[in-house]
Structure formats: structure tokens, C-alpha cells
Amino acid sequence: MKFIEAPQFGGPEVLTLVETETPTPGEGMLLVEVKAAGLNYADIMARSGFYPQVPKAPFALGFEIAGVVTGVGKGVEGFKEGDSVAAITLAGGGYATHAMIPAATAIPLPTGFNHALAVALLVQGLTAYILLDEARVKEGDAVLIAAAGGGLGNIAVQLAKARGAKVIGLTSRSKFELVKNLGADHVADYEEAGWAATVKDKIGEKGIQVYLDSIGDLATEAFPLLGQFAQWIIFGVRSGAHNPLPVESTFAMVEKNITLRGFNLEGSLQLVPQALSALFKAVAEGRLKVEAAKYPLSEAVKVHQLFEARKTAGKVVFIP
């Protein structure tokens, strides 16, 4: 088998393609021939040494896979060789031709379901679905979505529109057309100072009810747009600036009853089966479009560079 390893923490250049003997599954385990492995911002954090679940190097990257079972360990029931499955690989090792996973974590895929689409619906699809569900987004709400041109943002825009919300997408100018085609009512370039002013007149007096924030800068221009009882949910920290919440924003937060909270998918795992079933159905029925940009494992260094520079669109998937 082949896999991508980070022998030390650092930039994309540390990623190394390693070849080793394909393992045999032990008790309760499945060996999966990986057909698609997803790239998430957690991979960047792990490679850089800022991900708490990866305390030391070397380590194998990749936290989500989809593929075909090629080996079944003792005591495993409900799976056989040839079954298509997906899994969130919390210990890493997804950037590989083969992955060993506990059978208890394997998610059966519908017959014929595309592996790259399945990967796109795991971490990012589930996060988008559960975020909107927990925020109770409803018809008429104004929803602001950061990184709307990325894999999670693409899905969140569509799901929010399906709920009847007015959607404002934050993305780079090169992705404006993509985000509009997904259903966003308005788009703004978060890299342009003063972007919030271009949005204010378009959202009405009620302001933004839900802000899905993958940037994590507490001094964000988005804050003045938040309306009464708005929910500001931070699910990622991609900003290079880690500013504290300004004092004036604290007063406004109290006055407007604004909720600021964090979100991690691991805290909502009980919702995964229902959410994933709904996502699979939406894709199968053509109500949810998932864009997947596919790259070979050998291009991991280049792909990480593009991803960090925000030059990718939709879900980024490695095809071993």
C-alpha cells in the first residue's frame, strides 16, 4: 500500500509518499481499498502541528475515506468483501491506497453511490447539514456563509436555500459565479475591506439571523450585520488574524441577545445517521449538487498549497 505521511510538522513540502506492506485486518477491523479520500482544513492544521488529535509526528494524513472492503477481521458482522463503505478516520491514514478502520465506524454506502461524492458528504456535508439544523434555519431567515466557494460552503448554500432562507455567500471574487449558481442571493468578497457595507442594504432591517463562520476572527466586519437573537457559529479558524471581540461588540451582543458559540462535528455524532441519510437522498434525487475536484495522491504537496491559498473550489478529493 501507499500513503502520504508527514514525517515532521511544517508546510506542504513535508508531505511524503510512502510505500509499505498492505496490512491484514485484525479482530473487529475492516481493510478498505480507498477509492476517494477527502481534504479538510483539519488536515492543514494537523500537518502544521496545531491539531490536538495529532500530538506528534510522524503521522499519516487524511480523516475521511470512501472505498471497497477488501478484508474482514474476525468477529465482524454486517460487512463482506466487495461492500462499499465510507468512514471518518479520526486517527488519520486516509490519504492512502488502503486504510484499516474499525468495523463499528464504517458507514454502508447505497449501491452504486459515487465514492468521491460520499467523501464530500462526510465531514463537510454533515457539518453543513447539522449546523443549519441546530441553528433552526427557517424560511425568511438571512444566513451569512463564510467560505461559500469551498466544499462545505457549497453544500451549506444549497441546504440553506432549500430551507427558504436568504443566503449571502462570502467568497473570493473568482468564485462569485459558482456561488450564485448554487443559489446564493448575494455574494461578497471577504478580502475586500468594507465588504459588509455592500451587503447591508440587501439583507433588510432584521439583519443576519445566522452566521456560519469558518474564519474565526472576532473583529469581523460581519458583526454589525447581525440582527436581534442572531446566532454566530464558529466552526473553523482559517483567519491569519486572531483578534479578540471588541468591547463595543460585547455591548451590542448583550443588547441584541446575540449567541456566539463554537461547533465541532464530534459533539453532534448522534445526529449523523439521520443527517447522512438525508444528504444521500438529496444527492440521489438531484436536489443537492456536489462539486468534487479530483487529484492523485502524488500531487498532495501541490494540492495542499492550492487549498491553503484558497485557490480550490468545491470539495477536494484525492483518488489513490
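The values are calculated or read from the model by the stated rules, or taken from the named source; none is laboratory data. Predicted model only: the values in this text are computed from it and were never measured. In this analysis, Cβ positions are derived from the backbone assuming ideal geometry, glycine residues included, and neighbour counts consider all displayed protein chains. All accessible areas refer to the heavy atoms of the entire protein, side chains included, with ligands and DNA or RNA removed. Shrake-Rupley method; radii C 1.70, N 1.55, O 1.52, S 1.80 Å.
Every residue, every condition in (1) at pLDDT below 95; (2) of a type in the set (Ser, Thr, Tyr); (3) within 17 Å of residue 233 (Cβ to Cβ), yes or no:
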{"position": "254", "(1), (2), (3)": "no, no, no"}
{"position": "258", "(1), (2), (3)": "no, no, yes"}
{"position": "265", "(1), (2), (3)": "yes, no, yes"}
{"position": "270", "(1), (2), (3)": "yes, no, no"}
{"position": "296", "(1), (2), (3)": "no, no, no"}
{"position": "305", "(1), (2), (3)": "no, no, no"}
{"position": "317", "(1), (2), (3)": "no, no, no"}
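In this entry, residue 200 passes the filter for residues that are at pLDDT below 95 and assigned to a helix (DSSP H, G or I). Could you check residue 129 against (1) among the aromatic types (Phe, Trp, Tyr); (2) farther than 30 Å from residue 163 by Cα; (3) out of contact with any strand residue (DSSP E or B) (no Cβ under 7 Å at 6 or more places or on another chain) and say which number it fails? Result: residue 129 passes all but (2).
Going by the structure shown, is residue 146 out of contact with any Gly (no Cβ under 6 Å at 6 or more places or on another chain), of a type outside the set (Ser, Thr, Tyr) and open to solvent by less than 10 Å² (accessible area, probe 1.4 Å)? For residue 146, the condition - out of contact with any Gly (no Cβ under 6 Å at 6 or more places or on another chain), of a type outside the set (Ser, Thr, Tyr) and open to solvent by less than 10 Å² (accessible area, probe 1.4 Å) - is met. Residue 45 passes every criterion in (1) closer than 18 Å to residue 281 by Cβ; (2) open to solvent by 50 Å² or more (accessible area, probe 1.4 Å); (3) among the hydrophobic types (A, V, I, L, M, F, W, C); (4) under 17 Å from the mean Cα position of the chain (by Cα) apart from (1).
Residue-by-condition table, conditions (1) touching a residue at least 40 places away in the same chain (Cβ under 8 Å); (2) under 14 Å from the mean Cα position of the chain (by Cα); (3) open to solvent by 20 Å² or more (accessible area, probe 1.4 Å):
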| site | (1), (2), (3) |
| --- | --- |
| 234 | no, yes, yes |
| 237 | no, yes, yes |
| 248 | no, no, yes |
| 255 | no, no, yes |
| 274 | no, no, yes |
| 277 | no, no, yes |
| 292 | yes, yes, yes |
| 296 | no, no, yes |
| 305 | yes, no, yes |
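Being at pLDDT below 95, more than 20 Å from residue 126 (Cβ to Cβ) and surrounded by fewer than 15 Cβ atoms within 10 Å (Cβ to Cβ) holds for only one residue in 7, 55, and it is 55. Scanning the stretch 268-301 for residues that are of a type in the set (Asp, Glu) and assigned to a loop (DSSP other than H, G, I, E, B) yields 285, 291.
Checking each residue in the stretch 150-183 for being open to solvent by less than 10 Å² (accessible area, probe 1.4 Å), closer than 23 Å to residue 201 by Cα and among the aliphatic types (A, V, I, L, M) picks out 156, 157, 160, 165, 167, 168, 170, 179.
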